[in-house]
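> Questions regarding the structure given below will be posed in turn.
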Amino acid sequence: MASDEGPGVTPWWAWGMPVAACLIVLAGALTTVGPAAAAVCALALVPTVFAAVFHAEVVAHRIGEPYGTLVLAVAVTVIEVALIISVMIAAPAEKADLARDTVFAAVMIVCNGIVGLSLLVGGVRHHVQGFQVESATAAMAVLAALTVLTLVMPNLTTTTAGPNFSATQLVFAAIFSLVLYGAFVFAQTVRHRDYFLPPGRSAENEHAAPPPAAQAWASLALLLLSLVAVIGLAKLLTPWLETMIGKANAPKAFVGVVIAGLVLLPEGLAALRAARGNRLQTSLNLALGSALASIGLTIPAVTVVTLWMNMPLQLGLGAKDMVLLALTLLLGVITLGTGRTTFLQGVVHLVIFAAFILFALVP
């Protein structure tokens, strides 16, 4: 989403759309969101997401890799947590499994949808792309531990009935999620920072010079405003989407897929742009980092709220979803285990993603 107007100039849409979207959110909070209002929210959501991507990339370019890829990952997770909690509070009993559905959908969208499309686009354009194996294996190891311990283990415990953790187990899940994510971030940004830098750093720095500090600070403020606007628009759209999904006789779990898709759109666009520009390391940092943040930060936040407000929380996946998760983790280890990818790996990941969408709609 880089601008052609130079590093010191912010295009009008990058600041205009977040402001307009915030005004729409304020108006929507005062009225009932019908089909017409929902269409306006949907139309405003897309350019606001593009604005968020633009400002995140400005900030990322200013602070450099790998710190820059953390900006959007954390921002996206803030949106996800806000949406999950706001929807759960409105109907605690009915939405007890929303966090599980959303987190699982985020992992599948990232690991198969975003990664698959990035590998396909990059492979078609550049034939073979390289990245550092150490970064991918580190991310996949943490992702495997997080997903299995939080989304599979609840089905195997016996203290409580059903796919639920007891309060003690839930607190432990929140703690080890933070520990694992914190350890990964420390490795990525401090101890093993070189593993997450693109092969041949000079290639990453051949682009335009970093933007001025003033523009970076302005973009940071506009990024926060854009994220607030995206949260508000998505919140206004959620009831309408639930109604439409109900009329289409789709499973209620698909709401989690929609929420995850909305909040991951900025990350996905940034990852695709990086892959298309032959910066696969940056693309994978963005994608896998967002998947880790989705679990490592979302589970603790949701745990605190549900325990504080005494709301039910179901984390255990069904048998079908556990198979898809196992296949995704196995496929990720295989395709990202060599440090070189082609379009073929992208096609395989996208087929798994298509299967996930199909079985979410037709279980």
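> Show me the helices (runs of 4 or more DSSP H) entirely contained within segment 213-329 in which 3 or more residues are more than 30 Å from Asn164 (Cα to Cα) and either modelled with pLDDT under 85 or not basic (Lys, Arg) (or both).
Ranges flagged: 213-247, 254-276, 280-296.
> Could you run through segment 313-329 and say how many residues are under 21 Å from Thr298 (Cα atoms) and of a type in the set (Val, Ile, Thr)?
1
> Could you pull out the residue among Leu313, Leu284, Leu307 that is under 19 Å from the mean Cα position of the chain (by Cα) and touching a residue at least 40 places away in the same chain (Cβ under 8 Å)?
Leu284
For every residue, the table says whether it meets (1) at pLDDT below 75; (2) under 16 Å from the mean Cα position of the chain (by Cα); (3) in a helix (DSSP H, G or I); (4) surrounded by fewer than 22 Cβ atoms within 10 Å (Cβ to Cβ).
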{"site": "Met17", "(1), (2), (3), (4)": "no, no, yes, no"}
{"site": "Ala21", "(1), (2), (3), (4)": "no, no, yes, no"}
{"site": "Leu26", "(1), (2), (3), (4)": "no, no, yes, yes"}
{"site": "Ala37", "(1), (2), (3), (4)": "no, no, yes, yes"}
{"site": "Ala73", "(1), (2), (3), (4)": "yes, yes, yes, no"}
{"site": "Ala82", "(1), (2), (3), (4)": "yes, yes, yes, yes"}
{"site": "Val87", "(1), (2), (3), (4)": "yes, no, yes, no"}
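> I would also like to ask the following. Residue check: is Val152 part of a helix (DSSP H, G or I), surrounded by fewer than 15 Cβ atoms within 10 Å (Cβ to Cβ) and modelled with pLDDT of 85 or more?
Working: part of a helix (DSSP H, G or I): yes; surrounded by fewer than 15 Cβ atoms within 10 Å (Cβ to Cβ): no; modelled with pLDDT of 85 or more: yes.
No; evaluated as a whole, the condition is false for this residue.
> Then there is this: Is it the case that segment 102-114 has a residue that's of a type in the set (Val, Ile, Thr), modelled with pLDDT under 85, part of a helix (DSSP H, G or I) and closer than 22 Å to Leu237 by Cα?
No, there is no match, as no residue in segment 102-114 is of a type in the set (Val, Ile, Thr), modelled with pLDDT under 85, part of a helix (DSSP H, G or I) and closer than 22 Å to Leu237 by Cα.
> Exactly one condition in (1) closer than 30 Å to Val58 by Cα; (2) at pLDDT below 90; (3) touching a Leu at 6+ places or on another chain (Cβ under 9 Å) is false for Leu197; which is it?
(3) is the only condition that Leu197 fails.
> Among the residues of segment 254-272, count how many are farther than 23 Å from Leu119 by Cβ and under 8 Å from the mean Cα position of the chain (by Cα).
The number of residues fulfilling the criteria is 0.
> Would a scan of segment 245-258 turn up a residue that is closer than 26 Å to Ser226 by Cα and not β-branched (Val, Ile, Thr)?
yes
> Would you mention how many residues in segment 122-149 are surrounded by 17 or more Cβ atoms within 10 Å (Cβ to Cβ) and not in a helix (DSSP H, G or I)?
Count: 3.
> Conditions: (1) in contact with a helix residue (DSSP H, G or I) (Cβ under 7 Å, 6 or more places away or on another chain); (2) over 23 Å from Ile357 (Cβ atoms). Gly113 meets all but one. Number of the miss?
Here Gly113 meets the rest and fails (2).
> Test Gly182 against the criterion of being surrounded by 17 or more Cβ atoms within 10 Å (Cβ to Cβ) and either of a type in the set (Lys, Arg) or at negative phi (or both), and give yes or no.
When the stated conditions are applied, Gly182 does not pass them.
> Here is a check on your reading of the model: is Val115 touching a residue at least 40 places away in the same chain (Cβ under 8 Å) and surrounded by fewer than 23 Cβ atoms within 10 Å (Cβ to Cβ)? If you could, list the steps in order and put the result at the bottom.
Values: touching a residue at least 40 places away in the same chain (Cβ under 8 Å): yes; surrounded by fewer than 23 Cβ atoms within 10 Å (Cβ to Cβ): no.
When the stated conditions are applied, Val115 does not pass them.
> While we're looking at this one, here's another question. From the list Thr282, Thr342, which residue is buried (at least 17 other Cβ atoms within 10 Å of the Cβ), touching a His at 6+ places or on another chain (Cβ under 8 Å) and not aliphatic (A, V, I, L, M)? Steps first, answer last, please.
Numbers: Thr282 fails: touching a His at 6+ places or on another chain (Cβ under 8 Å).
None of the other options fit; the residue is Thr342.
> A further question on this structure: Going by what's in this entry, would Ala167 be described as of a type in the set (Gly, Ala, Ser) and more than 19 Å from the chain's Cα centre (by Cα)?
It is true that Ala167 is of a type in the set (Gly, Ala, Ser) and more than 19 Å from the chain's Cα centre (by Cα).
> Also: For segment 155-172, enumerate the residues that are within 14 Å of Gly318 (Cα to Cα) and surrounded by 12 or more Cβ atoms within 10 Å (Cβ to Cβ). Lay out the reasoning, then the answer.
Pass one, segment 155-172, residues within 14 Å of Gly318 (Cα to Cα): 155-156, 162-164.
Correct list: Asn155, Pro163, Asn164.
> Please go through segment 211-255 and pick out each residue that is of a type in the set (S, T, N, Q) and surrounded by fewer than 18 Cβ atoms within 10 Å (Cβ to Cβ).
Passing the criteria: Thr243, Asn249.
The values are calculated or read from the model by the stated rules, or taken from the named source; none is laboratory data. In this text, all values refer to a predicted model and were calculated from it rather than measured experimentally. Neighbour counts are summed over all protein chains in view; Cβ atoms, including those assigned to glycine, are modelled from backbone coordinates with ideal geometry.
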